[in-house]
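First the structure, in the form of structure tokens, and then the observations on it.
The values are calculated or read from the model by the stated rules, or taken from the named source; none is laboratory data. Source: prediction; values computed, not measured. Don't worry about glycine lacking a Cβ; one is built from the backbone with ideal geometry, like all the others, and counts go over all protein chains shown. Heads up: the accessible areas ignore ligands, DNA and RNA and are worked out on the full protein's heavy atoms, side chains in. Shrake-Rupley method; radii C 1.70, N 1.55, O 1.52, S 1.80 Å.
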Amino acid sequence: MSDMLMRVNPQVGAAFDSMCKSIEDTGTLEPKVRELIRLACVVTDRSTYGIRLHALKAYELGASAEEVTETVMNCLPVAGIEAVSSGLAAAMSAVEAKRGVHHGS
């Protein structure tokens, strides 16, 4: 959930959190699968913040780095090369940061 939304309008932020919790509490999908689906959604929406958030959540819930990148790659027919390329960069950056992988000096 967006910290900015909560700061700007706490009532709407709380309602959004409540809605998300209701979906999670009544659903049958495993949390990892749910986060991978959300990742695919934000890739098609080209939300860098959302991609980082959901890639990291999926990884923390047990998705492998390969599952995260495969999820992004599966968006290619729908979202196109630009969205997937930037989505891969954002998702890989989030997962690698969590894993402690650093590139360059």
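Tell me, please, whether a residue that is touching a helix residue (DSSP H, G or I) at 6+ places or on another chain (Cβ under 7 Å) and under 19 Å from residue 96 (Cα atoms) can be found in segment 17-35.
yes
Would you check which residues across segment 62-105 are in a loop (DSSP other than H, G, I, E, B) and either at pLDDT 95 or above or open to solvent by less than 50 Å² (accessible area, probe 1.4 Å) (or both) and list them?
Residues of segment 62-105 in a loop (DSSP other than H, G, I, E, B): 62-64, 74-75, 80, 100-105.
If the condition is that a residue be in a loop (DSSP other than H, G, I, E, B) and either at pLDDT 95 or above or open to solvent by less than 50 Å² (accessible area, probe 1.4 Å) (or both), then 62, 63, 64, 74, 75, 80, 100 are the ones that fit.
I'm checking my understanding of the structure. Among residues of segment 1-20 that are part of a loop (DSSP other than H, G, I, E, B) and among the polar types (S, T, N, Q), which one is nearest to residue 38 (Cα to Cα)? Show your work before the answer.
Within segment 1-20, the subset part of a loop (DSSP other than H, G, I, E, B) is 1-2, 9.
From what's left, among the polar types (S, T, N, Q): 2, 9.
Values: 2: 15, 9: 23 Å.
The extreme case among them is 2.
Tally up the residues in segment 28-47 that are closer than 20 Å to residue 5 by Cα and open to solvent by 70 Å² or more (accessible area, probe 1.4 Å), please.
3
When you go through 50, 13 one by one, which is the residue that is of a type outside the set (A, V, I, L, M, F, W, C), surrounded by 15 or more Cβ atoms within 10 Å (Cβ to Cβ) and under 23 Å from residue 86 (Cα atoms)? Outline the logic, then answer.
Numbers: 13 fails: under 23 Å from residue 86 (Cα atoms).
Going through 50, 13 in turn, just one is of a type outside the set (A, V, I, L, M, F, W, C), surrounded by 15 or more Cβ atoms within 10 Å (Cβ to Cβ) and under 23 Å from residue 86 (Cα atoms): 50.
Within segment 54-61, identify whether any single residue is open to solvent by less than 30 Å² (accessible area, probe 1.4 Å), touching a residue at least 24 places away in the same chain (Cβ under 8 Å) and closer than 22 Å to residue 3 by Cα, and answer yes or no. Steps first, please.
Of the residues in segment 54-61, the ones open to solvent by less than 30 Å² (accessible area, probe 1.4 Å) are 54-55, 58.
Narrowing the set further to residues that are touching a residue at least 24 places away in the same chain (Cβ under 8 Å) leaves 55, 58.
Restricting the remaining residues to those that are closer than 22 Å to residue 3 by Cα gives 55, 58.
Yes, because at least one residue in segment 54-61 is open to solvent by less than 30 Å² (accessible area, probe 1.4 Å), touching a residue at least 24 places away in the same chain (Cβ under 8 Å) and closer than 22 Å to residue 3 by Cα.
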